[in-house]
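Okay, structure first, notes after.
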Amino acid sequence: MENEPQKPWWQPGLVVFAEITGWIAVPILIALFLGKYLDEKYGTDPWYYLGLTAAAFIISSIGIGIIAAKYIKQIEKESKKNKDNKNLNERGSNTRGNNGQ
């Protein structure tokens, strides 16, 4: 097997947290600043602000859904891999036990 350096136990959680935070914060911040700017420029207070904030909410929701789907697939893949390895280990120990009799 390959000798992969061990990751700290908390690193995957931090990566997920950062990705989700990015999908929430970035669209909202863009919507806030752009909405205020456009409302001041065209005198439409608060319509651009509200519309862009709603669009940012939708974009954030879709982004979080994409991230969730990605991690669900990854967890299922790792779970299947672990299950397959466990089955191989059990078969190997059963085979060794029968040869010793």
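What follows draws every value from the coordinates through simple rules; no lab data is involved. It should be emphasised that the depicted structure is a prediction, and the values quoted were computed from it without experimental measurement. Backbone-built Cβ (ideal geometry, glycine too); neighbour counts: all protein chains shown.
Exposure proxy ranking for 39, 84, based on other Cβ atoms within 10 angstrom of each Cβ and starting from the fewest, stands as 84, 39.
Across segment 73-79, rounded Karplus estimates of 3J(HN,Hα) from the backbone phi angles (6.51 cos²θ - 1.76 cosθ + 1.60, θ = phi - 60°) give 4, 5, 5, 4, 5, 5, 5 Hz, Gly and Pro being marked x. What lysines sit close enough to residue 73 to cross-link, taking a C-alpha to C-alpha distance under 30 Å and skipping anything fewer than 8 places away on the same chain? In chain and number order, the partners are 7, 81, 83, 86.
Stretched out straight at 0.36 nm per residue, the stretch from residue 82 to residue 10 would grow longer than its current Cα-Cα span by 23.9 nm.
Given R0 = 30 Å, the distance between the Cβ atoms of residue 64 and residue 37 translates into a calculated FRET efficiency of 0.70.
For segment 11-93, the dipole from Cβ point charges (+1 on Lys and Arg, -1 on Asp and Glu) about the Cα centre works out to 560 debye, to the nearest 20.
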